[in-house]
Amino acid sequence: MTKLEKLKYLPLQAVFKNDNFNDWLAKNTNEIKNALNIESWQLERRNMNHTEFTFMDYDNHEKIFVYCNLGEFQEENLLNILALTQVNKVSRVIWILEKPQDKTLAALININLLASKKYLTLMSARAYKIGISKPVIEFRKH
């Protein structure tokens, strides 16, 4: 009989203990594109730390700002994101977190209500593996 293994959640820090998640993300931006169901986009700019990415979505003709800095407090990140979006004149913001806090989710809902559109999208990045397999990263929209 085949032995079945359980799907196991791994903290991103355990998966990227020798590497940096943001460096991996910079090389795998298509993972975000696929999670958002965007057909055609192009990277326009990214910062040196690979925490900020600006893309042009050719399907919807909008500029998208992706922010991912898993090591900072979420409240500080939100203020940074709002400031950076004004500077970069973007239409949409994607914020990647490992574990969003309830108050962060509530703040994003309020910002979207005030903007009268889905301006901020929260995505979680989580790592999973089965048995001794290599871990996989899943991006999920909230």
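Within the listed set Val87, Val66, Val15, the Gaussian network model of the chain (springs between alpha-carbon atoms below 10 Å) gives the highest mean-square fluctuation for Val87. Which angle from 0 to 90°, rounded to the nearest 10, does the C-alpha axis of helix 102-115 make with the longest principal axis of the chain? The angle comes out near 30 degrees.
Label-point separation (nm) for Asn18 and Lys118, each offset 7 Å from Cα along Cα-to-Cβ? That separation, rounded to one decimal, is 3.9 nm.
Expressed to the nearest 5 percent, the antiparallel share of DSSP beta bridges inside the chain is 70 percent. May I ask which of Lys63/Lys99; Lys3/Lys33; Lys3/Lys141; Lys33/Lys117; Lys27/Lys99 have a Cα-Cα span longer than 30 Å here? As for pairs spanning more than 30 Å Cα to Cα, those are Lys3/Lys33; Lys3/Lys141.
From the gyration tensor of the Cα coordinates in the stretch 14-141, what semi-axes in whole Å does the equivalent ellipsoid have, largest first, with each one equal to sqrt(5λ)? If you can, show how the numbers build up before the last one.
Values: eigenvalues 110, 62, 41 Å².
The three semi-axes for the stretch 14-141 are 23, 18, 14 Å.
Taking a point 7 Å out from the Cα of His142 in the direction of its Cβ, the residues of the stretch 92-108 whose backbone N falls within less than 17 Å of it are 93-108. Rounded to the nearest 10 degrees, the angle from helix 74-88 to the longest Cα principal axis of the chain is 50 degrees. Working note: Karplus 6.51/-1.76/1.60 with θ = phi - 60° gives the stretch 50-65 the couplings 6, 9, 10, 10, 10, 10, 9, 8, 6, 5, 10, 6, 9, 8, 10, 10 Hz, where Gly and Pro are set to x.
At 222 nm, what helix-only mean residue ellipticity would the chain give, in deg cm²/dmol to the nearest 500, using -39500 (n - 2.57) for each DSSP H run of four or more?
When only DSSP H runs of four or more count, the value is -9000 deg cm²/dmol.
Would you mind getting me the FRET efficiency between Ala107 and Leu4? Use the beta-carbon distance for r and R0 = 30 Å, nearest 0.05.
On the way: r = 40 Å, r/R0 = 1.35.
Step by step, r from the Cβ atoms, then E = 0.15.
Rule-based calculations on the coordinates, nothing more; no lab input. Computed from a predicted structure; not experimentally measured. Glycine gets a Cβ as well: all are built from the backbone with ideal geometry, and neighbour counts include every protein chain shown.
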